[in-house]
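So the structure is just underneath, and the comments pick up after that.
Readers should treat all values here as calculations from the given coordinates under stated rules, not as data from a laboratory. Because the structure is predicted, anything quoted here is derived from the model rather than measured. Cβ placement follows ideal geometry from the backbone for every residue including glycine, while neighbour counts extend to all protein chains displayed.
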């Protein structure tokens, strides 16, 4: 991988959203680190850091960290359950994330992620997730 930092565009397709967000991409130690601001009105002022770890191409991992109006920290690891949280002004929500599919395909100027998981909130409500991420970038001089 030739670049260390780049300007990128993140496209998120899911059951709940279809959005395009400008992002800063840093590549370090077989990890793509994306940093962007949430544009959702309720989450204004929230900065998201997504780490896509491809150090083991057969077992990629994603960690989501948010700071600001909404805070969260949780991970997606194929075939595993992980714990995390969301922190809202109204209170905290515990998460359990059960990832059934996580595939990362790397291209010359981007990558694609296919993700399927179940999120269990407060050990009671389970929500299915199916997300496609398309990241493209332009190398900086």
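You can think of it this way: the chain between residue 96 and residue 73 has 7.2 nm of extra reach, that is 0.36 nm per residue less the Cα-Cα gap.
At a 10 Å Cβ-Cβ cut-off, how would you order 51, 97, fewest neighbours first? Walk me through the numbers before you get to the answer.
On the way: 51 17, 97 20.
Ranked by crowding around the Cβ, least crowded first: 51, 97.
In terms of other Cβ atoms within 10 Å, 88, 76 run from fewest to most in the order 88, 76. Legend: ranking of residues 129, 50 from fewest to most surrounding C-beta atoms inside 10 Å; resulting order 129, 50. Working from Cα pairs under 8 Å separated by at least six residues, relative contact order for the chain is 20 percent.
The simple Förster model, with R0 at 25 Å and r as the Cβ-Cβ distance, assigns residue 64 and residue 139 a FRET efficiency of 0.50. Given their separation in residues at 0.36 nm each and the Cα-Cα distance between them, residue 122 and residue 55 gain 21.0 nm when the chain is fully extended.
Pairwise Cα separations in the chain fall into 10 Å bins from 0 onward with the following percentages, short to long: 11, 42, 37, 9, 1.
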